[in-house]
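Handing you a structure now.
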Amino acid sequence: MQILGLYNYWIFIVLMMCGFYVVISRGNLVKKLVGLNIFQTSVFILYISMGKITGGTAPILTGTATVYSNPLPHVLILTAIVVGIATTALGLALVVRINEAYGTIEEDEIHAQSEDEAL
Amino acid sequence: MLLSLLVVTALAVIRLRDLFAVVMLFGIYSLLSASLFVVLDAVDVAFTEAAVGAGVATVFMLGTLALTTSREKTPSTHKPLLPLLAVLVTGAALIYGTSDIPPYGDPGNPIHHHVAPRYLEDSADEIGIPNVVSSVLASYRSYDTLGETTVVFTAAIGVLLLIGGARRRRSEEPPRPDHEEDA
């Protein structure tokens, strides 16, 4: 029972580490942003898992149900999703500008070009 | 089951080099997590994730690919060993940390005994709408929502400045005085 009780959290950690690995190991900027989004969604899953009560229903008061899941994490994650898309859009706009300035979206090539300019 | 599908999708995102496929897989990942949120009773979050994560984010990423390139180059200097080590150490530390987390779905967890019962018991009388998530979002925690809209507004200004400004500079490069008023 203890193992099953933590399964959701372990999957959340695996997903989070997948996103983290993409962010730190890949040089492509768009792929980094996708990794960051995977990371972010895994945190959403953590919060929503915490709010779940076994046998509960969605927190919409009907008068018939007696057990509702916790509405507070849902509210926090709603806000986080919207803020997340805003930051992703800003990141993608930066990628487009970097591509206009350097002609590439690979981190290595951008570094190489900056060093050439410095010399 | 859904959780395993999520893991498979995330692993495929790591493996693939075609950025178009990566973005499509990210859309699938968002949709899967939206289905997971329905299973976990968070219907409002599922709506938002399906519309914003799977819809808008995918469209933005596809737009970026159209403006840049859709192929990731094979890394020459990046060594996978160090990032892998960092990820494994962090993951192990986090899994060690889960041993103190209260079990999933237990109504006795501390998270369910602070303000949540009050929202569930009193919001119908105080706010008057059945959806507790809406009551908390728009009334009890409306300052959070105000801050959220400020963030979205700032991000929209930033995107417009970054992309709109570049377009104006490019159109100014050929000296054509007729078009200056349009810019």
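Coordinate-derived values only; no laboratory data. These numbers come from a predicted model, not from an experiment. Quick reminder, even Gly has a Cβ in these numbers, built from the backbone with ideal geometry, and neighbours come from all protein chains shown.
Return a whole-number percent for the relative contact order of chain B, with Cα pairs under 8 Å and 6 or more residues apart as the contact set.
Over chain B, the number comes to 13 percent.
Which one, A:Ala65, A:Asn8, B:Thr48, projects farthest toward the positive side of the charge dipole computed for the protein assembly as shown from Cβ point charges (K/R +1, D/E -1)?
The one lying farthest along the dipole's positive direction is A:Asn8.
Can you give the mean number of other chain Cβ atoms that lie within 10 Å of the Cβ atoms in peptide A:103-116?
Mean shielding count: 2.
With a ≥ b ≥ c the root eigenvalues of the C-alpha gyration tensor of chain B, is it rounded (a/c under 1.5), prolate (a/b larger than b/c) or oblate? Provide the component values of the computation, followed by the final result.
Working: a/c = 2.49, a/b = 1.31, b/c = 1.90.
In terms of gyration-tensor shape, oblate.
Could you size up the charge dipole of chain B around its Cα centre, putting +1 on the beta carbon of Lys and Arg and -1 on that of Asp and Glu, and report it in debye to the nearest 20? It would help to have the intermediate numbers written out before the result.
Working: 12 positive and 19 negative charges, 233 e Å.
Dipole magnitude for chain B comes out near 1120 debye.
May I pose another question? Where does chain B land at 222 nm, in deg cm²/dmol rounded to the nearest 500, when only DSSP H runs of n ≥ 4 count, each adding -39500 (n - 2.57), divided by all residues?
-18500 deg cm²/dmol
A follow-up question, please. How big is the dipole moment of segment B:44-124 about its Cα centre under a simple scheme where the beta carbon of each Lys and Arg is +1, that of each Asp and Glu is -1, and everything else is neutral? Debye, nearest 20, please.
Rounded to the nearest 20 debye, it is 640 debye.
Return a whole-number percent for the relative contact order of chain A, with Cα pairs under 8 Å and 6 or more residues apart as the contact set.
That works out to 23 percent.
Comparing A:Leu72, A:Leu61, A:Leu29, which has the greatest mean-square fluctuation in the GNM of chain A with Cα pairs linked when under 10 Å apart?
A:Leu61
Also, quick follow-up: Computed on alpha carbon atoms, what radius of gyration and Dmax characterise the protein assembly as shown, expressed in Å?
22.1, 75
For the ranges B:28-41, B:113-126, what's the packing order if you count other beta-carbon atoms within 10 Å of each residue, average per peptide, and put the highest first?
Ranking the peptides B:28-41, B:113-126 by packing returns B:28-41, B:113-126.
Compute the long axis of helix B:2-15 from its Cα atoms, compare it with the longest principal axis of the Cα atoms of chain B, and write down the angle in degrees, 0 to 90, nearest 10.
So the inclination is approximately 30 degrees.
What's the average, rounded to a whole number, of partner chain beta-carbon atoms within 10 Å of each residue's beta-carbon in A:60-71?
Across A:60-71, the average partner-chain Cβ count within 10 Å equals 6.
Next up: Once both axes come from the Cα atoms, what is the angle between helix A:29-51 and the longest principal axis of chain A, in degrees from 0 to 90, rounded to 10?
It works out to around 10 degrees.
Same structure again: Under the classification rounded if a/c is under 1.5, otherwise prolate if a/b is larger than b/c and oblate if not, where does segment B:1-73 fall, given a ≥ b ≥ c as square roots of the Cα gyration tensor eigenvalues?
Because a/c hits 1.5 or more and a/b fails to exceed b/c, segment B:1-73 counts as oblate.
Which residue, A:Thr79, A:Thr54, A:Thr104, tops the fluctuation ranking in a GNM of chain A built on C-alpha contacts under 10 Å?
Comparing A:Thr79, A:Thr54, A:Thr104 in the GNM, the peak value goes to A:Thr54.
Just need log10 I(q)/I(0) for segment A:2-118 at q = 0.12, 0.18 Å⁻¹, Debye formula, equal scatterers on the alpha-carbon atoms, no solvent, rounded to two decimals.
-0.61, -0.98
In a Gaussian network model over chain B where Cα atoms closer than 10 Å are linked, find which of B:Ile127, B:Ile95, B:Ile111 has the largest mean-square fluctuation.
Its mean-square fluctuation being the largest, the pick is B:Ile95.
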